[in-house]
Amino acid sequence: AMSGGVDSSVVAALLKERGYDVVGVTLQLYDHGEATHRKGACCAGQDIQDARAVAARLGIPHFVLDFERRFQEKVIEEFAASYASGETPVPCVACNQFIKFADLFETAKDLGADALATGHYIASHDDGAGGRALYRAKDAGRDQSYFLFATTREQLRLLRFPLGEYTKTEVREMARRFGLDVADKPDSQDICFVPSGRYTDVVARFAPAAVTPGDIVHVDGRV
């Protein structure tokens with residue numbers, strides 16, 4: 001799974017170096033036209049181009065799958081609805097649960113893949129009972145185990161997380177060793193479909209009734 005960032009790019013390079021027959025797959029998750037020249041985005045625009053360039057550098061096949069409609073339904077619309085209900089959503093969890101480890105998971109099986117590798121910072125090892133389990137990453141500051149809590153045992157049999165054994169610094173060093181142009185690419189800090197940080201724009205579009213002026217009320221009832 002290649003998002004166009006340094007992490008998934010290094011995973012592809014590592015697997016190719018280790019002798020695996022690697023196929024890169026990138027998901028286009030939201031409006032390609034809007035994101036083409038926008039910084040801080042992922043899974044659209046420039047990041048797709050970066051993933052394609054890395055695949056070409058490594059000499060591996062690369063496919064881009066259009067999951068925009070599915071992503072809007074399962075992640076963006078649910079994100080807006082959650083805020084409208086007074087909740088604080090974590091869309092990265094939903095994306096992993098319903099897109100990357102569901103639809104992409106099925107795509108990997110359709111391709112006859114023996115494993116689906118991603119650039120998440122988490123470790124996966126045999127659990128001693130015939131299955132696999134998740135463990136915190138070596139780089140505690142990058143550990144993403146929280147975002148993968150919904151991963152099932154069936155999915156874990158196919159999933160691999162090579163970066164669980166490395167720090168971010170080591171990953172960037174490997175990217176330079178592999179000659180990848182994304183070696184110093186900044187990390188994406190914002191929600192991919194809200195790089196401006198203005199969540200209200202998304203809520204206003206998908207749950208307009210929830211965007212209304214209101215009072216800030218203290219717990220003791222004072223306005």
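The values are calculated or read from the model by the stated rules, or taken from the named source; none is laboratory data. None of the values given here were measured: they were computed from a predicted structure. All Cβ positions, even for glycine, are placed from backbone atoms using ideal geometry, and neighbour counts span all protein chains on display. Accessible surface areas use protein heavy atoms only, side chains included; no ligands, DNA or RNA. Shrake-Rupley method; radii C 1.70, N 1.55, O 1.52, S 1.80 Å.
Observations on the model:
- Note on the stretch 54-77: residues that are open to solvent by 80 Å² or more (accessible area, probe 1.4 Å) and in contact (Cβ under 8 Å) with a residue 12 or more places away in the chain amount to 4.
- Top-ranked residue in the stretch 176-204 [being aromatic (Phe, Trp, Tyr) and within 30 Å of residue 80 (Cβ to Cβ); ranked as least open to solvent (accessible area, probe 1.4 Å)]: 193
- Comparison of 220, 139, 215, 143 shows that the only residue that is closer than 30 Å to residue 86 by Cβ, surrounded by 14 or more Cβ atoms within 10 Å (Cβ to Cβ) and among the charged types (D, E, K, R) is 143.
- Of all residues in the stretch 26-71, those being at pLDDT below 70, closer than 18 Å to residue 118 by Cα and not in a loop (DSSP other than H, G, I, E, B) number 0.
- Every listed requirement among (1) open to solvent by less than 70 Å² (accessible area, probe 1.4 Å); (2) more than 13 Å from the chain's Cα centre (by Cα); (3) among the charged types (D, E, K, R) is met by residue 173 save one, (1).
- Matching residues, the stretch 106-123, being out of contact with any helix residue (DSSP H, G or I) (no Cβ under 6 Å at 6 or more places or on another chain) and surrounded by 14 or more Cβ atoms within 10 Å (Cβ to Cβ): 107, 108, 113, 118, 120
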